[in-house]
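The next block holds one structure in the form of structure tokens; read it before the comments.
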Amino acid sequence: MQNNSIFEKIINKQIPANIIHQDNKITAFKDINPQAPIHILIVPNFFIASLNDINQENKDIVSHMFYTAVNIAKQKNISQEGYRIIFNCNKNGGQEINYLHMHLLGGIKMNKLF
Ligand code: AMP
């Protein structure tokens, strides 16, 4: 698993990224290797390693990530046709970057996972 520094550098604008939303809590940017016509990552502006590290103090960030994803989906006109939100967690979940991130995917009909 890669370390967290890539996303920290994107948040701090130390490396280029296609940022589409940033506020005082979260940053949303286009995935560099998109798996769908719309593929956006949404990350907290502070480090959380994975879903396993959600706790009483930081849990509200997750609802803000969902709320922002829903608004981005509306802005991108994919709400009505639908979209998918994914969090990969650790090895079996396929998480490659050690920094909590939400995937927002849309713009194409996706295969069902199960
Ligand atoms: P995951 O496999 O859930 O850890 O997802 C990590 C995602 O980060 C992948 O979809 C990568 O394509 C994406 N990614 C890696 N580096 C960058 C980057 N510099 N800018 C944007 N997305 C990136």
**Report entry** For segment 6-106: accessible area per residue (Å², 1.4 Å)
**Finding:** 57
Report task. Measure nothing but the geometry: give the 0 to 90° angle between the long axis through the Cα atoms of 60-75 and the longest principal axis through the Cα atoms of the chain, rounded to 10°. Result -> 30
**Report entry** For the chain: relative contact order, % (alpha-carbon pairs under 8 angstrom, 6 or more apart)
**Finding:** 32
Report task. Output the peptides 33-39, 72-78 sorted from most to least packed, where packing is the average of other Cβ atoms within 10 Å over each peptide's residues. Result -> 72-78, 33-39
Query raised in the report: If the viscosity is 1.567 mPa s and the temperature 4 °C, what Stokes-Einstein diffusion coefficient in µm²/s follows for the chain when Rh is the Kirkwood radius over Cα pairs?
Result: 90
**Report entry** Around F7: net Lys/Arg minus Asp/Glu count, Cβ-Cβ under 15 Å
**Finding:** 0
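The values are calculated or read from the model by the stated rules, or taken from the named source; none is laboratory data. Values in this document were obtained by computation on a predicted structure and should not be read as measured data. Heads up, the Cβs are rebuilt from the backbone with ideal geometry, glycines too, and the neighbour counts pull from every protein chain shown. These area figures cover heavy atoms from the full protein model, side chains too; ligands, DNA and RNA do not enter into them. Shrake-Rupley method; radii C 1.70, N 1.55, O 1.52, S 1.80 Å.
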